[in-house]
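Encoded as structure tokens, the structure appears first; notes follow it.
The values are calculated or read from the model by the stated rules, or taken from the named source; none is laboratory data. Note that this is a predicted model, so its numbers are computed, not measured. Please note: Cβ atoms are built from the backbone with ideal geometry, for glycine as well, and neighbour counts cover all protein chains shown.
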Amino acid sequence: MTTRCGFVALVGSPNAGKSTLLNRIAGAKLSIVSPKAQTTRFRTLGIVVRNNAQIILVDLPGIFKPRRRLDRAMVNAAWTGSQDADLTLLLIDAKAGLRDDVREIIGKLAGSGKRVWLVLNKTDLVGAEELLPLTKDVSSLISVEYVFMLSARSGDGVDDLMDHLARELPEGPYLYPEDDLTDLPDRLLAAELVREQIFMQTHEEIPYQATVETESFKERPDGSVRVEVTIYVSRPGHKAILIGEGGHKIKSIGARARMELQGLLERTCHLFLNVKERAGWDEEKARLRAIGLEE
Ligand SMILES: Nc1nc2c(ncn2[C@@H]2O[C@H](COP(=O)(O)OP(=O)(O)OP(=O)(O)O)[C@@H](O)[C@H]2O)c(=O)[nH]1
Ligand SMILES: [Mg+2]
């Protein structure tokens with residue numbers, strides 16, 4: 001029996017819906033999602049087998065103009081992820097259209113010589129009549145092998161993309177055991193779920209000025225896990241906001257993250273959050289390495 005296997009990179013602007021699509025295809029929440037831009041900070045794999053093909057999706061940070069060391073490491077991870085993949089899915093938010101930042105990404109992708117498939121996402125938000133002109137505009141800037149129009153949120157059109165991937169990936173043996181779903185370790189997952197709640201429950205620069213690390217992750221004899229997580233913030237004012245009056249904000253972040261973690265690990269979790277001020281963490285190599293970002 002011939003099998004196929006390959007890496008498929010998700011490339012696009014922040015907020016295009018890359019992580020939502022990864023989760024939809026994998027059928028599990030592997031990568032955190034929020035309405036805010038620049039949610040994803042590092043590469044996460046979503047692995048799925050379909051029609052004798054192992055599709056290894058690579059969720060990546062969105063591409064934007066970097067200012068901090070953290071930003072540079074994120075954008076660098078995105079381009080490296082695309083370079084290393086067999087195929088790149090160029091994801092565009094159809095509602096936002098062909099913005100300047102999208103044009104810039106297309107320009108760079110076009111020069112990379114990689115196989116590119118165009119994916120217009122969020123079709124639930126736009127009329128069908130807007131999709132054709134957008135496809136034409138993109139096609140005038142870059143040559144793409146296929147065009148898909150889908151909604152990662154509703155799942156509409158996603159099966160067709162998966163069928164094409166299963167058919168078109170290079171022939172070869174599976175690179176991961178058949179029931180592997182991701183390469184994300186549980187301790188990183190715990191930190192990410194806390195960070196997701198920071199993105200959901202705080203505003204303005206706070207989510208961007210926070211990083212989350214799991215300090216300890218211990219299985220207990222009763223089958224539950226005890227997880228200690230540190231949230232680093234850059235400023236004293238941010239610490240106060242994250243904790244909230246009477247600790248209500250941090251409690252709410254912890255409660256929600258714990259629920260999500262329990263759902264994914266399918267066991268009882270005891271989650272302890274600690275907020276520390278650490279000015280300049282976003283320029284610190286060790287903090288970036290802790291979330292798997294190397295320059
Ligand atoms: N209406 C609609 N919303 C979507 C769709 N796909 C994603 N979204 C929403 O768009 C927002 C961003 O989604 P993400 O999956 O986090 O986007 P991303 O491309 O991973 O963003 P970064 O990690 O910041 O690069 C979230 O609020 C999603 O719920 C879609 O098909 N339709
Ligand atoms: Mg993302």
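From the list GLU196, GLU205, the one residue that fits, being part of a helix (DSSP H, G or I) and either modelled with pLDDT of 95 or more or out of contact with any Lys or Arg (no Cβ under 6 Å at 6 or more places or on another chain) (or both), is GLU196.
Among the residues making up the range 242-285, a single one is in contact with a His (Cβ under 9 Å, 6 or more places away or on another chain) and either in a loop (DSSP other than H, G, I, E, B) or not charged (D, E, K, R) (or both): VAL275. With respect to LEU184, determine if the residue is within 16 Å of ligand 2 (Cβ to nearest atom), part of a loop (DSSP other than H, G, I, E, B) and either surrounded by fewer than 21 Cβ atoms within 10 Å (Cβ to Cβ) or at negative phi (or both). So LEU184 passes the test.
Taking the numbered list (1) in a loop (DSSP other than H, G, I, E, B); (2) more than 13 Å from LEU10 (Cα to Cα) in turn, ALA152 passes all entries but (2). Evaluating THR214 against the criteria (1) under 17 Å from ALA290 (Cα atoms); (2) assigned to a loop (DSSP other than H, G, I, E, B); (3) free of Cβ contacts under 8 Å to residues at least 60 places away in the same chain leaves one unmet condition, (2). Only one of ASP71, ASP137, ASP100 is within 15 Å of ligand 2 (Cβ to nearest atom) and among the charged types (D, E, K, R). Can you tell me which? Within the list ASP71, ASP137, ASP100, the selection yields ASP71. The number of residues in the range 46-55 that are surrounded by fewer than 22 Cβ atoms within 10 Å (Cβ to Cβ) and assigned to a strand (DSSP E or B) comes to 3.
Filtering the range 1-23 to residues that are part of a loop (DSSP other than H, G, I, E, B), within 12 Å of ligand 2 (Cβ to nearest atom) and more than 9 Å from the chain's Cα centre (by Cα) leaves SER13, PRO14, ASN15, ALA16.
For the residues ALA9, ALA110, the requirement of being closer than 29 Å to SER140 by Cβ, among the aliphatic types (A, V, I, L, M) and away from ligand 1 (no atom under 16 Å from the Cβ) singles out ALA110.
To keep it simple, each residue is scored yes or no on (1) within 13 Å of ligand 1 (Cβ to nearest atom); (2) under 22 Å from VAL116 (Cβ atoms).
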position	(1), (2)
PRO14	yes, yes
THR20	yes, yes
ILE25	yes, yes
PRO35	yes, no
THR44	yes, yes
VAL49	no, no
ALA53	no, yes
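Contact map, the range 146-167: first residue of a type in the set (Val, Ile, Thr), second residue surrounded by fewer than 13 Cβ atoms within 10 Å (Cβ to Cβ), Cβ cut-off under 8 Å, separation 6 or more or different chains; pairs are VAL147/SER139. Out of all the residues in the range 24-43, is one or more within 11 Å of ligand 2 (Cβ to nearest atom) and not in a loop (DSSP other than H, G, I, E, B)? Taking every residue of the range 24-43 in turn, none turns out to be within 11 Å of ligand 2 (Cβ to nearest atom) and not in a loop (DSSP other than H, G, I, E, B).
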